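Note sheet for the following structure.
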Amino acid sequence: MSSKPLRSIHVGVSHRGSVHRRVYHASGDWEVAGLVDISDEALAEARSETGLPTSACFRSLEEALEKTEADAVVISTPPTLHAPQVRTAIDAGCHVFVEKPFTYDLQQAEQLVQDALDRSLCIVVGQNDRYGSVAQAFQAAVSGGEYGPLGFVVVNHFKARKAPYHTTPHMHLWSQGVHQVDTLMAIVGRDVRSVFGTSVNPPWCDWPSESSVFSQLEFDGGVRGEYVGTSNAKSSRSTLVLRAEFERGALIYDSSRGSSLEFDGEGGPQTVEGPKTSGNEEVARLFRQYITAGIEPPISGRNNLNTLRVLDAIVRSTETRQVISLP
């Protein structure tokens, strides 16, 4: 594996983009070479933190690619901009990291993945939640088998966001639910065979598109998963609950009860220590590894199509009120 830092252009350098910019800037594996944003204030802050000159700051990705030598483009812009910006990066011969959702159009994502593969370029999607300590502990419990066979997993997420996301269809599903669905799939570790769900607004909600999701997934081998989530919770705080039912008991995480995990079986509840991980740092590491060593991660563009297919199935199930089978 090459030890030479890879050069990255960062598109969207505030909010989530500031997280990725700081991770890449602090890593010896990456060199932040260019900054792109429409906000002068965001560019000024990013320039101050990275030490880059004003000549490395741009208003458009096209201009940055024309004037900056780069190996990869890191995209952290609103979802409606993802597909055209991924296309621009691919056409320029750059590898791509794109924040979730990859796109909210499955066919568009499939075409971008194929075009990247045809040019031997790597796409990685920012599904960092599956690399958090809680999700990693659940995945280890399932793959390790110490609690016996898995029966089903329930994920409940109530996010007190207080305001809508950038407008897309089914905005909670694509902007937040994509994390929980992807994590649920990572925990179970099997192919999804069918999906039934609905993406809706409560009667009192005035968001421009759907803020809540109720869904059920059937996996290979009869394992089931359920995801219920909203970004419009009216509570004072957000709450995340994960529960996996095994033959010998349940692995439980409830954010309202602190940060600990517990396994509750016949012997009573016992605290479980999860791994100490940084999802954002792990994603950056996997992206570099994919580029330099050809090791395709679970969050590659191609693999992320499986998550997008489930979200697309939830949308179709919402429209048809039917169970959607997946190939």
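The values are calculated or read from the model by the stated rules, or taken from the named source; none is laboratory data. These numbers come from a predicted model, not from an experiment. Note: ideal-geometry Cβ built from the backbone for every residue, glycine included; neighbour counts use all protein chains shown. With ligands, DNA and RNA removed, areas are computed over all heavy atoms of the protein, side chains included. Shrake-Rupley method; radii C 1.70, N 1.55, O 1.52, S 1.80 Å.
Here are some notes:
- For the chain, a simple Cβ point-charge model (Lys and Arg +1, Asp and Glu -1, everything else neutral) yields a dipole of about 380 debye relative to the Cα centre.
- A Förster radius of 41 Å combined with the Cβ-Cβ distance from ARG119 to GLU245 puts the calculated FRET efficiency at roughly 0.40.
- Share of carbon and sulfur in the accessible heavy-atom surface of region 64-129 [1.4 Å probe, %]: 40 percent
- Among the chymotrypsin sites (Phe, Trp or Tyr not before Pro) found in region 190-255, those both in a DSSP coil and sparsely packed, with 14 or fewer other Cβ atoms within 10 Å of their Cβ, are TRP204.
- Per residue accessible area in Å² of the chain, where ligands, DNA and RNA are left out and the probe is 1.4 Å: 45 Å²
- Placing unit charges on the Cβ atoms of the charged side chains and taking the dipole of the chain about its Cα centre, the candidate lying farthest along the positive direction among TYR24, SER60, THR230 is THR230.
- DSSP-assigned coil residues among GluC sites (Glu not before Pro) in region 55-94, each with at most 16 further Cβ atoms within 10 Å: GLU69
- Using alpha-carbon coordinates, inclination of helix 301-320 to the longest axis of the chain, degrees: 60 degrees
- q = 0.13, 0.21 Å⁻¹, region 230-286: log10 I(q)/I(0) [Debye, one scatterer per Cα]: -0.50, -0.92
- Taking PRO79, PRO202, PRO169 as the candidate residues, the one with maximal mean-square fluctuation in a Gaussian network model of the chain, Cα springs under 10 Å, is PRO202.
- Extension gain from GLU41 to ARG59, taking 0.36 nm per residue of separation minus the Cα-Cα distance: 5.3 nm
- The mean sequence separation of alpha-carbon pairs under 8 Å and at least six residues apart, normalised by the residue count of region 34-163, gives a relative contact order of 16 percent.
- For the chain, calculated [θ]222 nm from helices alone, where every DSSP H run of n ≥ 4 adds -39500 (n - 2.57): -11000 deg cm²/dmol
- Counted over the chain, the DSSP beta bridges are approximately 60% antiparallel.
- Whether region 106-251 is rounded, prolate or oblate, judged on the alpha carbon gyration tensor where a/c under 1.5 counts as rounded: oblate
- Normalised convex hull volume, region 54-189, alpha-carbon set, Å³ per residue: 159 Å³
- Nonpolar atom fraction for region 145-269, defined as the carbon and sulfur part of the 1.4 Å probe accessible area, stands at 49 percent.
- Note on LYS234 and GLN107: the extension gain reaches 42.2 nm, defined as 0.36 nm multiplied by sequence separation minus the Cα-Cα distance.
- The angle between the Cα long axis of helix 40-50 and the main principal axis of the chain comes to about 90°, on a 0 to 90 degree scale.
- Dipole of region 55-157 [Lys/Arg +1, Asp/Glu -1 at C-beta], most positive-end residue of THR77, ASN156, ALA135: ASN156
- Across SER317, SER18, SER236, mean-square fluctuation computed from a Gaussian network of the chain (C-alpha pairs under 10 Å connected) peaks at SER236.
- Percent RCO, i.e. relative contact order, over the chain, from Cα pairs under 8 Å lying at least 6 residues apart: 18 percent
- For region 59-116, trypsin sites (Lys or Arg not before Pro) meeting the loop criterion (DSSP other than H, G, I, E, B) and having at most 13 other Cβ atoms within 10 Å: ARG59.
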